[in-house]
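Enquirer: This is the structure, below, for whatever I ask next.
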Amino acid sequence: MSESDPNGIDPHTSGAKLDAAKPMPWLCIAGFSRALSEVAEVTTKGAIKYTPNGWKDVTNGEQRYMEAFGRHMLKLGSGETHDSDTGCFHKAQMVWNLLASLELELRNGSAP
């Protein structure tokens, strides 16, 4: 698909912006700002507990982060909303673990 202005403005006309059909990350950031802040809290506490960005080097990280996701899901399913170790929402920790697993999958080229 070729780039185009969402308002049909010719690319060589002043005011044109060729962003039709491009991802809109700001919608995600602005729309989920509170949730993303909670995930950032998980990131911060993990960096303090371990090392900043050390999660990237965890052996078999894709699988291990999925297991951590499952453990937080079980806790949430039993009615516990916050992790007793970090004080973070289990849902935020679940999201963090999914993001870590997905990021490793994408970096390793194992995504379909």
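The values are calculated or read from the model by the stated rules, or taken from the named source; none is laboratory data. Quick caveat, the model's predicted, so the values are computed rather than measured. Here the Cβ positions follow ideal geometry from the backbone for every residue, glycine too, while neighbour counts run over all protein chains shown.
Enquirer: State all residues of segment 75-108 that are of a type in the set (D, E) and surrounded by fewer than 10 Cβ atoms within 10 Å (Cβ to Cβ); if no residue qualifies, say none.
Expert: D85
Enquirer: Based on this model, can you work out whether D57 counts as among the acidic types (D, E), closer than 21 Å to A100 by Cβ and surrounded by fewer than 11 Cβ atoms within 10 Å (Cβ to Cβ)?
Expert: So D57 fits the description; yes.
Enquirer: Find the helices (runs of 4 or more DSSP H) located wholly in segment 21-112 whose residues include 2 or more that are within 17 Å of the chain's Cα centre (by Cα) and farther than 30 Å from N7 by Cβ, and list them.
Expert: Counting at least 2 such residues, we get 33-49, 61-77, 90-107.
Enquirer: Here's a follow-up. Would you pick out the residues in segment 45-54 that are surrounded by fewer than 13 Cβ atoms within 10 Å (Cβ to Cβ) and either of a type outside the set (D, E, K, R) or within 11 Å of W96 (Cα to Cα) (or both)?
Expert: Within segment 45-54, I48, Y50, T51, P52, N53, G54 qualify.
Enquirer: Return yes or no: is A16 surrounded by 13 or more Cβ atoms within 10 Å (Cβ to Cβ), part of a loop (DSSP other than H, G, I, E, B) and on the phi < 0 side of the Ramachandran plot?
Expert: Taking the combined requirement at face value, the residue satisfies it.
Enquirer: Which of the residues spanning segment 60-74 are among the charged types (D, E, K, R) and surrounded by fewer than 16 Cβ atoms within 10 Å (Cβ to Cβ)?
Expert: Correct list: E67, R71.
Enquirer: Among the residues of segment 63-86, which ones are in contact with a helix residue (DSSP H, G or I) (Cβ under 8 Å, 6 or more places away or on another chain) and either among the charged types (D, E, K, R) or touching a residue at least 40 places away in the same chain (Cβ under 8 Å) (or both)?
Expert: K75, E80, D83, T86
Enquirer: For K17, indicate whether it is over 30 Å from N108 (Cα atoms) and either modelled with pLDDT under 95 or among the acidic types (D, E) (or both).
Expert: yes
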